[in-house]
Structure formats: C-alpha cells, structure tokens
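Heads up, the thing below is written out as structure tokens.
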Amino acid sequence: MNIIPFLQLTLSLRYISRWIWAGAVFCIPILNFLSLGFLSRTSRLVIIGGIGLPTWEERYETWIEGTKLLFVFILYNAIPFFMFSCGFFLISLNIFTAFFGQIFKILSVIALLVCTFLIPFAFATFAERMDFKEAFEFERIFRGVKEVFIEYVIGYAAALCALYICVWIMRIPYLIGLIPGSILSYYVLLVAAYYFTELYRKTSLAAVCMMSKTEIDLSP
C-alpha cells in the first residue's frame, strides 16, 4: 500500500494545521477527546473515498465522537485488566492461590495482545458505523483481519515501533520532549488510521457495511 500521497497531503501547508494542534493537546485529558474524534472522522472520510482531512467546524460533535471512541478502547482492554487484577489478587492471598494467580497474569498478557491487535479494525468499524455493537463483533473483525493478515501485521508492528520511539521522546526531561513527542505520537496514529482504514476497505467488513447502507437507502 502506498501511503506517500497521504503523507504529502498531511504535511502540506493546507492541511498541517488541521492535525498539528490536535497532536499538541493529545496528552491533555478531556481535550484529547477532540484528537480522538478527529482520528475517527479522518477514517470515515477515507472510507467514503474522500480526499483531504476533516475540518474543525463541528468541534462539539468531534469531541463527543472522541469520547465514544475512548470507551471502545477502554472496553477492549477491560478483559485483560480484569484478568490481571484477578491474578494479582490470587497471588496476594497465599502460596496455593499464587500458582493460579501467575496463570491468570500470563493469560491476561495473551488477552491484551489479542485485544490490542484487533483494535485497528474495531476502530475503523466504529468510525464507519458509529455503533458500539459493531465494534465488538470479535469473530467478524478477526475474519476481516485474516483477509489482509500480512499487511495488517506489518502495519501493526510499524505503528508500535514508531509509538515506542515517540514515548522515548516524551521522556526527555523538563517537559522538553512532551509536546514534540505528543505531536509525533498523534501523527503516527493519524497515519495508522489512514493505513488501517484503507486495509479495512479491502475486506468483507466494509463490503457488509456498504451492503447494509444500500439496503437502508433502498428501503421504503
């Protein structure tokens, strides 16, 4: 997949201001809901074949959309967090339960890897349909991932590596790296949103969604 045109577009003078300030507030609670909402709207624009980036004319709607998207991310990590908490609790009781606690901790790591691996397509599904239920249809999302598995894994690994570098930049002391790291992190997520949304369009996930929309449009 060629993402060079998208990189050129986002770094042009016309569009750079649309995302760079969202990156600057990405690490600020409450305000970062706007940043998440912008990612969701960018994905939806890509799905319908639009060129460019969303505008900021509807800031309140963008903020609300980002709030909903945050809940999707939280719920995807709820099961691993619950399993880890159970494991920690069992370890703290006694030697006998500690064995099972260690098992729960290992399973929680596996669950975390699986859940976070599915998040990019869950994000694209939610961005298109704005429906929590659609974003948690794990079996259908996993089937979509398998259709573009190699490209998906490459994009997922590249995004993780880039975010890891951004986190190290943010750790530069005296807040010197905070804003640059925040902006770079957000840009990585913006590019990742475009990449995975383009992959999403190639799968049966998008085809099912488009079919559903057509049925709705044709209904009396």
Count of residues meeting criterion [free of Cβ contacts under 8 Å to residues at least 24 places away in the same chain and under 21 Å from PHE117 (Cβ atoms)] in segment 88-107 = 3
query = Given segment 1-87, what helices (runs of 4 or more DSSP H) lie entirely inside it while holding 2 or more residues that are in contact with a strand residue (DSSP E or B) (Cβ under 7 Å, 6 or more places away or on another chain) and touching a residue at least 24 places away in the same chain (Cβ under 8 Å)?
reply = none
message = For the condition aromatic (Phe, Trp, Tyr), touching a Gly at 6+ places or on another chain (Cβ under 6 Å) and closer than 16 Å to THR197 by Cα, what is the one hit in PHE142, PHE121, PHE117?
response = PHE121
task = Answer with yes or no whether SER212 is out of contact with any strand residue (DSSP E or B) (no Cβ under 6 Å at 6 or more places or on another chain), assigned to a helix (DSSP H, G or I) and at pLDDT below 85.
result = yes
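Return the only residue of LYS146, LYS133 being modelled with pLDDT under 95, surrounded by fewer than 15 Cβ atoms within 10 Å (Cβ to Cβ) and either touching a Phe, Trp or Tyr at 6+ places or on another chain (Cβ under 9 Å) or over 23 Å from THR62 (Cβ atoms) (or both).
Residue meeting the stated conditions: LYS146.
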task = Go through segment 36-57 and give me each residue that's more than 15 Å from TYR15 (Cα to Cα) and in contact with a Gly (Cβ under 9 Å, 6 or more places away or on another chain).
result = LEU36, GLY37, SER40, ARG44
request  = Out of GLU198, GLU139, GLU128, report the one residue that is over 27 Å from LEU31 (Cβ atoms) and touching a residue at least 12 places away in the same chain (Cβ under 8 Å).
outcome  = GLU198
key: Those residues of segment 1-43 which are surrounded by fewer than 19 Cβ atoms within 10 Å (Cβ to Cβ), under 30 Å from ILE150 (Cα atoms) and not hydrophobic (A, V, I, L, M, F, W, C), in sequence order   = ASN2, PRO5, GLN8
ask   = Only one of these conditions is not met by ILE91: (1) within 30 Å of ILE150 (Cβ to Cβ); (2) surrounded by fewer than 19 Cβ atoms within 10 Å (Cβ to Cβ); (3) out of contact with any Leu (no Cβ under 8 Å at 6 or more places or on another chain); (4) not basic (Lys, Arg). Which number is it?
value = (1)
inquiry  = So for segment 194-208 (the condition being modelled with pLDDT under 90, crowded, with 16+ Cβ neighbours inside 10 Å and within 20 Å of the chain's Cα centre (by Cα)), does at least one residue qualify?
reply    = yes
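The values are calculated or read from the model by the stated rules, or taken from the named source; none is laboratory data. Worth saying up front: this structure is predicted, and the values here are computed from it rather than measured. So basically every Cβ, Gly included, is an ideal-geometry build from the backbone, and we count neighbours across all protein chains shown.
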